[in-house]
Every structure is written in structure tokens, then in C-alpha cells.
């Protein structure tokens with residue numbers, strides 16, 4: 001891991017704040033920078049703002065103040081910027097969110113056809129490639145409802161990869177899965193990490209964090225309590241809050 | 001499994017029903033008894049009033065056979081107009097309904113407000129008043145004939161209901177579907193077209209069918225502006241011949257035939273498209 005080369009910063013997050021209409025503050029003055037090819041794992045207790053942070057990055061949630069710059073482009077009110085950024089970031093959700101009325105293949109082809117305007121043949125070939133990569137090559141004509149949770153999540157990863165994103169966001173991608181299916185999804189995520197994909201993962205899988213992450217962020221109450229390399233973070237946490245959290249879940 | 005039961009033992013209820021479903025003698029018998037009972041009540045009711053049935057006079061209003069050629073009688077000529085009005089209004093209803101629903105869910109304040117105003121007016125005033133208003137006030141301005149005035153009124157009236165049906169279907173789609181669309185960078189138009197509406201419309205097929213059936217029946221109201229559709233023809237025949245029961249029962253049966261075919265057709269569609277979950 002130590003020899004891994006990182007590029008320049010691809011995401012700059014400066015002082016973002018987000019309070020929900022019900023008065024809950026999810027992010028307060030949150031700042032961080034992410035480098036190309038970096039795998040960042042975000043952990044923290046529920047309600048600490050991890051998912052909100054991820055959802056703000058591609059504009060699923062509006063930030064109240066602060067700024068987010070992705071690859072030199074600000075995420076602001078400009079619709080085109082927003083679409084552009086979303087197309088360069090893939091997102092994987094806890095509940096998969098596959099399109100149930102489409103086959104697996106159609107799910108993966110959709111954005112290639114509509115966003116990239118690829119021909120059906122190109123999109124199909126690329127999609128089958130991706131589905132093979134995540135190990136679903138034999139189920140391309142199934143509907144999501146016919147697949148197990150683990151298979152659905154792998155399709156969702158293939159769908160997110162279809163636009164060749166520069167960054168992948170994983171929002172508790174394994175939290176809704178039966179225990180025996182978590183491994184197959186984590187395996188796909190590890191492969192992506194090894195291939196040099198820039199990844200931000202909100203997860204409770206500390207084993208995954210230890211194995212592949214380059215940087216671990218621990219969040220609580222909408223702030224970063226502590227960040228560090230996986231080795232430092234897990235073996236030698238500095239903050240009391242971090243120590244408490246780790247002692248509770250390890 | 002249920003053959004050769006010991007003597008004197010009754011079949012469990014569920015088994016009986018299953019056997020009947022396979023070989024529905026019992027159901028047919030029950031159906032015939034109910035129908036006969038209804039027919040008896042009608043005949044009795046009419047004879048109590050001293051009504052003199054003259055069914056033999058009805059066929060000429062359905063078909064005319066003259067000099068070796070069949071032609072349509074007055075009622076079926078009316079049916080042609082009814083079908084025409086219904087079909088055109090149906091298409092317009094679906095279009096107006098969808099457009100209104102999308103406007104109500106749009107970001108534009110003006111779009112939302114105008115959709116809401118239209119909806120409340122169309123839904124909260126009687127169709128007959130709208131018919132008169134459009135025929136006497138709007139039609140002369142637009143220079144449209146009574147047939148199109150009728151189609152316009154029906155479409156605007158039913159479109160309001162249809163829009164609420166569409167809207168409920170659209171908002172019932174899990175927000176994760178929208179988020180997946182957003183995260184893939186799909187435009188709003190593409191998200192609706194490829195992801196949200198295909199799912200929503202499947203969900204609203206049953207209430208939309210009810211609305212279509214209402215439309216068919218409501219089309220009889222356009223007789224008030226003297227469009228010679230089936231009900232108008234029936235009124236005219238009754239006025240001339242006093243065959244009220246015969247003629248109205250006949251058109252009721254034709255309406256029933258129409259509406260039942262539609263609901264059967266939609267049931268077929270639903271089965272065909274039910275591929276997931």
C-alpha cells in the first residue's frame with residue numbers, strides 16, 4: 001500500500017454546512033480533500049453525517065454553505081455543472097435502487113445510451129464486460145427482483161461504473177445485505193480499489209477499511225473527529241471519541 | 001386428491017371451491033338463479049305498472065334490413081358517435097392528465113399554480129355546466145362545432161381526475177429511483193421517460209381504467225348539447241315510441257359490453273406487463 005501513487009486533489013470540500021428542515025445538523029463546517037486514486041473510508045456512529053457528506057458530493061442533498069469543487073468544477077446552482085459532476089461520479093446505494101422494470105443489462109446500458117449517446121451495440125458490449133467483471137455475466141437478462149441482494153448490489157456497481165466515473169461513492173453498500181453476501185460485494189470493491197479507482201466509502205466493514213483504505217475519516221456530529229492512515233487510525237487512535245467508538249464496535 | 005371420500009363425509013370448504021373452479025356447474029347455476037331473479041323483478045315491476053313489453057319493436061333501431069342490404073339502425077348510428085367521442089376524449093384525457101400531473105410536480109410556480117387552478121375548477125363543477133359553458137361560450141370563440149365542444153368538455157373534465165391518478169402513481173415511486181437517476185446524471189425528462197413513468201403507469205392502470213369507464217358513461221351527458229350519440233338517439237326514440245324500458249335497457253347493455261371489454265383488455269395488459277416483483 002505504501003508505494004501507491006496518488007495524483008492531485010480531485011475533490012475539494014471547504015466548510016460545508018448542512019442542516020435539515022427538521023433542525024438536525026448533519027454537517028457543520030466540514031472540510032476535506034481527496035486525491036486521485038485514493039480510497040477513503042468514512043466511519044462513525046449513525047447520525048454522524050457520513051451519508052449526508054456523500055450525498056452532498058454529487059448534489060443529492062443541497063449544501064447550505066461552503067463549497068465543493070470536483071476536478072476544477074464547482075458544484076453550484078448551474079445545472080450543467082451538476083449534471084457533469086454526477087456523470088463523473090458513480091454512486092452505489094445501501095438499497096441498490098436498481099430499476100425493477102428493466103433487465104440487468106438494460107439497467108447497465110441505460111445511462112450509456114442516454115447520457116453518452118453510445119449505440120446500442122457499444123453499450124451492450126461494454127455492459128456485458130462490466131457485468132462479467134462483477135460476476136453477473138450469466139444473469140444479464142434477469143430482472144432485479146429475481147436476483148439475491150448481493151447480486152443486485154453488484155449489478156448496481158456495474159451500473160455506476162458504466163459511465164467510466166472518475167470517483168465512486170459507496171453509501172453503506174453492504175449494510176442491507178445478508179451476512180453471507182457481504183463478501184462478494186466487498187470483493188468487487190477491493191478489486192476496484194486495486195485498479196486505482198478513487199473511492200469514498202461509508203461503511204461499517206472495518207476489515208475492509210483496514211485492508212484497502214488509504215485514509216480513514218472518523219465522523220461524529222457532522223465533523224471530522226480524526227483522520228489517518230488505516231494503520232495509524234486503528235492501532236493508535238488519538239481522540240477519546242474515536243477510542244470509545246472503536247472499543248464499542250471492535 | 002378429493003375423489004372417493006368416505007360416505008357421509010363433507011368436503012372441506014376450500015376443496016369444494018377448487019373443484020367448482022375447475023368444473024363450475026355450481027357457479028353457473030348460482031349465476032343463472034341470480035339473473036332469473038333480477039329478470040323476474042323487472043318483469044314483475046313492469047307488469048305491476050301495467051307496462052306492455054314490446055321487445056319486437058327494438059331490433060329495427062339496431063339494424064335495418066331493406067332491399068337485401070343491412071344498414072345501421074339509429075341506436076348503432078349513435079354508438080358510432082359515442083365510440084368516436086370516447087376514443088378521442090380518452091386520448092386527450094390521458095395527455096391532459098399526464099401534462100397536468102407533471103406540471104403540478106414541476107419546479108415552476110406558474111406551472112404548479114395553473115395546473116392546480118385547472119384541476120380545482122374542472123373537478124369541482126358539474127360536467128353538465130362545463131358542457132354548456134364550453135358549448136355556448138368557448139365554442140363560438142374558437143369556432144368549433146358541437147361534436148368537438150363535447151370532446152373538449154369531456155377531456156377537460158376527465159383529464160382533471162386522470163391527473164390526480166397519474167400524480168399519485170408518480171409520487172408513489174420510491175425516491176431511491178430518483179436518486180439512482182440523478183446519480184447517473186440523467187436529465188429530468190429522461191428520468192421520467194425511462195424510469196419513473198413506466199413504473200408509475202403500471203401502478204395506476206386499475207384506477208385509470210375506472211376513469212376510462214367513467215368517461216364512456218359520462219359521454220352520454222353530451223346529449224344535452226344535442227350531439228346525436230347513443231343516449232341522445234335513445235331519448236329521441238323513446239319520445240317517439242314510448243318504448244322506454246326496452247330502449248334504455250338495450251343501450252345499457254351496449255354500454256356494459258363496451259366497458260366490460262375495456263376492463264378485460266386492461267386486465268390482459270396488466271398480466272402481460274407484470275414481470276417483476
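Here B:252, B:236, B:226 are screened, and the one residue that is surrounded by fewer than 20 Cβ atoms within 10 Å (Cβ to Cβ), modelled with pLDDT under 95 and at positive phi is B:226.
For the range A:42-81, a residue qualifies if it is within 11 Å of another protein chain (Cβ to nearest Cβ) and over 17 Å from the mean Cα position of the chain (by Cα), and the qualifying residues are A:79, A:80.
Taking (1) within 13 Å of chain B (Cβ to nearest Cβ); (2) not in a loop (DSSP other than H, G, I, E, B) in turn, residue A:188 satisfies each apart from (1).
So that you can scan it fast, the table gives a plain yes or no per residue for (1) exposed (fewer than 15 other Cβ atoms within 10 Å of the Cβ); (2) modelled with pLDDT of 90 or more; (3) over 30 Å from residue B:200 (Cα atoms); (4) in contact with a helix residue (DSSP H, G or I) (Cβ under 9 Å, 6 or more places away or on another chain):
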{"site": "B:5", "(1), (2), (3), (4)": "yes, no, yes, no"}
{"site": "B:36", "(1), (2), (3), (4)": "yes, yes, yes, no"}
{"site": "B:46", "(1), (2), (3), (4)": "yes, no, yes, yes"}
{"site": "B:49", "(1), (2), (3), (4)": "yes, no, yes, no"}
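Scanning the range B:64-83 for residues that are more than 28 Å from residue B:145 (Cβ to Cβ) and part of a strand (DSSP E or B) returns B:65, B:66, B:69, B:70. In the range A:225-250, the qualifying residues are those that are in contact with a helix residue (DSSP H, G or I) (Cβ under 6 Å, 6 or more places away or on another chain) and part of a strand (DSSP E or B), and the one that is farthest from residue A:39 (Cα to Cα) is A:225. I need the full set of residues from the range B:180-204 which are more than 9 Å from every other protein chain (Cβ to nearest Cβ), under 30 Å from residue B:254 (Cα atoms) and surrounded by fewer than 19 Cβ atoms within 10 Å (Cβ to Cβ), in order please. Selection gives B:201, B:203. Is it the case that residue A:95 is part of a loop (DSSP other than H, G, I, E, B) and either under 21 Å from residue A:172 (Cα atoms) or more than 10 Å from chain B (Cβ to nearest Cβ) (or both)? Taking the combined requirement at face value, the residue satisfies it. Only strands (runs of 3 or more DSSP E) whose full extent lies in the range A:1-75 are considered here, and the ones with at least 1 residues that are within 24 Å of residue A:175 (Cβ to Cβ) are A:9-19, A:25-35, A:39-43.
Residue check: residue B:210 meets all listed conditions (1) within 30 Å of residue A:157 (Cβ to Cβ); (2) modelled with pLDDT under 95; (3) more than 14 Å from chain A (Cβ to nearest Cβ) but one, namely (1).
Suppose we keep only residues that are in contact with a helix residue (DSSP H, G or I) (Cβ under 6 Å, 6 or more places away or on another chain) and over 17 Å from residue B:155 (Cα atoms) within the range B:72-102. Which one would you say is surrounded by the most Cβ atoms within 10 Å (Cβ to Cβ)? Across the range B:72-102, the extreme among qualifying residues is B:78. Can you find, within the range B:45-63, the residue that is farthest from residue B:247 (Cα to Cα) among those that are without any contact (Cβ under 8 Å) to a residue 12 or more places away in the chain and in a helix (DSSP H, G or I)? For the range B:45-63, the residue satisfying everything is B:48. A Cβ distance below 9 Å, combined with a sequence gap of six or more or placement on separate chains, defines the contacts here; from the range A:229-250, residues that are touching a residue at least 24 places away in the same chain (Cβ under 8 Å) reach residues that are surrounded by fewer than 13 Cβ atoms within 10 Å (Cβ to Cβ) in the pairs A:230/A:1; A:234/A:250.
Filtered by the rule that a residue be surrounded by fewer than 19 Cβ atoms within 10 Å (Cβ to Cβ) and more than 23 Å from residue B:188 (Cα to Cα), the range A:33-63 gives A:33, A:35, A:36, A:37, A:45, A:46, A:47. Hey, could you check the range A:136-151 for residues that are at the interface with chain B (Cβ under 9 Å from one of its Cβ atoms) and part of a helix (DSSP H, G or I) and say which is surrounded by the fewest Cβ atoms within 10 Å (Cβ to Cβ)? Among residues in the range A:136-151 that are at the interface with chain B (Cβ under 9 Å from one of its Cβ atoms) and part of a helix (DSSP H, G or I), the one surrounded by the fewest Cβ atoms within 10 Å (Cβ to Cβ) is A:145.
Here is a yes/no grid of residues against (1) in contact with a strand residue (DSSP E or B) (Cβ under 8 Å, 6 or more places away or on another chain); (2) touching a residue at least 60 places away in the same chain (Cβ under 8 Å); (3) more than 8 Å from chain B (Cβ to nearest Cβ):
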site	(1), (2), (3)
A:87	no, yes, no
A:110	no, no, no
A:114	no, no, no
A:123	no, no, yes
A:129	no, no, yes
A:134	no, no, yes
A:153	yes, yes, yes
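The values are calculated or read from the model by the stated rules, or taken from the named source; none is laboratory data. For clarity, every value in this text was computed on a predicted model and none was experimentally measured. Virtual Cβ from ideal backbone geometry, glycine too; neighbours counted across all protein chains shown.
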